[in-house]
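Data first, discussion second: the structure below is written as structure tokens.
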Amino acid sequence: MYSRRLSIAGMFAAIAPLLFAITARAATLPPHAPLRILVVSDEVNPHGLTDAQLTQPGDISAALVAPDSGISLAVVAEIATDDIPDATAALSVPLSDPAAYDVLVYFAHRIPGGPGGATAQAGFVAAVDGFLVAGGGVVSFHHGAYLTAGKEAILDLIGGTAAGSVPWNTVEGQNVINVAPTHFVTSNAVSYPSTTAYSDVPRGVPAGAYGFFNNTPDERYVNFEINAGAGDVELLFASNYNENGTAHVLGFTHRRPAWAGVVVAYQPGEYQPHALDDRDGNNFQILANAILYAAGGAPDCTCDDDGDPCTRDTCVGSECQHLEAPADACDDVWGKASLLVKERTAGRETLLAKLGQGPALSQTDFGTPLLPDTTVYTLCLYDEAGALAGKTVVDRAGEQCGSQPCWKSIGSAPPGGSGYQYKDPVAAADGIEKLRLRAGDAGKSSLLVKGHNKESAGQTALPTGIAAALAGSQTATLQLHQSDAGRCFSVDVGNVSRNDGTLFKASR
């Protein structure tokens, strides 16, 4: 059986150069040496999903060798849990041997069946430990971390244990929250369209605003916990559904002093259309990131925030770069929007951005601009390629604009008001004359940013050249950031009626 599986692996090796000569259309990874990947898998189907819905043995290796996986491969072999001695032998090959594997993807819900199953499992666990000591990487995917009889020792190596009920939720699914924003596994090419307030102090996650995406449907591991005897664990992903609490583990890394390698665990993986079929989707990108990271091929880079919300702070190779690109973690649920940039007459430029029919927002979502030295508002404008076309910054919290406060509460005093309004008749802050941030129920919130230059009155602070930067674009992206909790509001406008370099006009 083992030799037959190696021949299958050899077939994958033969077709890999052809497959990966095709430009990857999905998972995006930095350049890396071809990887040798071993998958150990079995099937469990507690929710009665169809073959097309359920991630099953064979599906992972098929996704990895697909031409749009983005992973450079030397070989992939997938071995059934019942044939685990074959995997033990493969992992026991010294890493200096060209036939050694770089990464084990562990997708086994159980140990081998039959009277010798426990003994075979013990040999496999010893081989995995030795593999990690030598510098190999392990990715525990979905039910790899689930507890069934005899798996205690492998879960000790993984560093976390899922047990008990696993509800299948088709209405809300679960949010995948990025609680390690600068980590390669969470940040490389993964898109987080919204942010949420989250904290899990006992597991090392301080209170803050974190990006998330949603998986619906999804299987929830209600009882997924870091093992008490685990080594160095960094939480990567969490979820906030209200079931056995509102703080849940979804993914982490695990290291031990004796290991030169690392374990990466990621729970969402039951639903094949999300996990594997959608190879330009977040879940497959995370799996690809985890494999490369576990193999030691991810960039050795820590990327700090440069303080400019119009840039994306990301690792490119081993270098931290601050790319002028739209933020991923930004609310984009506005039903209406418009953008007007008018620059036909020098010294009389106009900028007007409106967002309407927005999400449910309260006054606190807009920060605290009545207090000195607090909330800063930055409007970032991008062309259809995501290049920064212009930005404005209003840093006037608690200040006076002439004889009046720059900022006023709309309606009642904070926090019970319905928003904030900024007015500066001389448009001193990057030419912005008016900002209106109106809270409301879903579909009722709105934002307005209005700026101008009036050279005859000495008002020339509004940045120019924005219309020229947007010339020819068939879409534009607006993002309004507020600094207090990193909250961001975003919208794409695609109904472009003018973009001639002096006038840009678009709507949604």
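If you go through segment 453-508 and keep only what is touching a helix residue (DSSP H, G or I) at 6+ places or on another chain (Cβ under 7 Å) and more than 20 Å from ALA337 (Cβ to Cβ), you end up with GLY501, THR502. The strands (runs of 3 or more DSSP E) found wholly in segment 410-496 and carrying at least 2 residues that are crowded, with 21+ Cβ neighbours inside 10 Å and hydrophobic (A, V, I, L, M, F, W, C) occupy 432-438, 446-452, 476-482, 487-493.
Flag: VAL44 matches the condition of being within 19 Å of SER140 (Cα to Cα), surrounded by fewer than 17 Cβ atoms within 10 Å (Cβ to Cβ) and in contact (Cβ under 8 Å) with a residue 60 or more places away in the chain. If you go through segment 154-180 and keep only what is touching a residue at least 60 places away in the same chain (Cβ under 8 Å), crowded, with 18+ Cβ neighbours inside 10 Å and either more than 30 Å from ALA127 (Cβ to Cβ) or out of contact with any Lys or Arg (no Cβ under 7 Å at 6 or more places or on another chain) (or both), you end up with LEU155, LEU157, ILE158, GLY159, GLY160, THR161, ALA162, GLN174, ASN175, VAL176, ILE177, ASN178. Residue check, THR182 against (1) in contact with a Cys (Cβ under 6 Å, 6 or more places away or on another chain); (2) of a type in the set (Ser, Thr, Tyr); (3) within 11 Å of GLY251 (Cα to Cα), all met but one. Which one? For THR182, the exception is condition (3). Every listed requirement among (1) surrounded by 19 or more Cβ atoms within 10 Å (Cβ to Cβ); (2) at positive phi; (3) at pLDDT 95 or above is met by GLY398 save one, (1). Picking from residues in segment 466-504 that are farther than 22 Å from VAL394 by Cα and of a type in the set (Ser, Thr, Tyr), the one that is farthest from the chain's Cα centre (by Cα) is THR502. In this structure, THR368 qualifies as in contact with an Asp or Glu (Cβ under 7 Å, 6 or more places away or on another chain) and not in a strand (DSSP E or B). Looking across segment 458-508, the residues that are free of Cβ contacts under 8 Å to residues at least 24 places away in the same chain and either under 21 Å from ASP332 (Cβ atoms) or among the charged types (D, E, K, R) (or both) come down to GLY494, ASN495, VAL496, ARG498. Does segment 261-269 include one or more residues that are more than 19 Å from the chain's Cα centre (by Cα) and in a strand (DSSP E or B)? Yes, because at least one residue in segment 261-269 is more than 19 Å from the chain's Cα centre (by Cα) and in a strand (DSSP E or B). For segment 224-255, a residue qualifies if it is assigned to a strand (DSSP E or B) and over 15 Å from the mean Cα position of the chain (by Cα), and the qualifying residues are PHE224, GLU225, ILE226, ASP232, VAL233, GLU234, HIS248, VAL249, THR253, HIS254, ARG255.
Just to verify a result, which residue in segment 378-387, among those that are surrounded by fewer than 19 Cβ atoms within 10 Å (Cβ to Cβ) and farther than 17 Å from SER507 by Cβ, is modelled with the highest pLDDT? Checking each candidate, the answer is ALA387.
Filtered by the rule that a residue be under 12 Å from GLY367 (Cα atoms) and under 34 Å from the mean Cα position of the chain (by Cα), segment 407-416 gives PRO414, PRO415.
In the set (1) buried (at least 16 other Cβ atoms within 10 Å of the Cβ); (2) modelled with pLDDT of 90 or more, THR195 fails one condition alone, (2).
The values are calculated or read from the model by the stated rules, or taken from the named source; none is laboratory data. Quantities reported herein were computed from a predicted structural model and do not represent experimental measurements. Neighbour counts run over all protein chains shown; Cβ positions are idealised from the backbone, glycine included.
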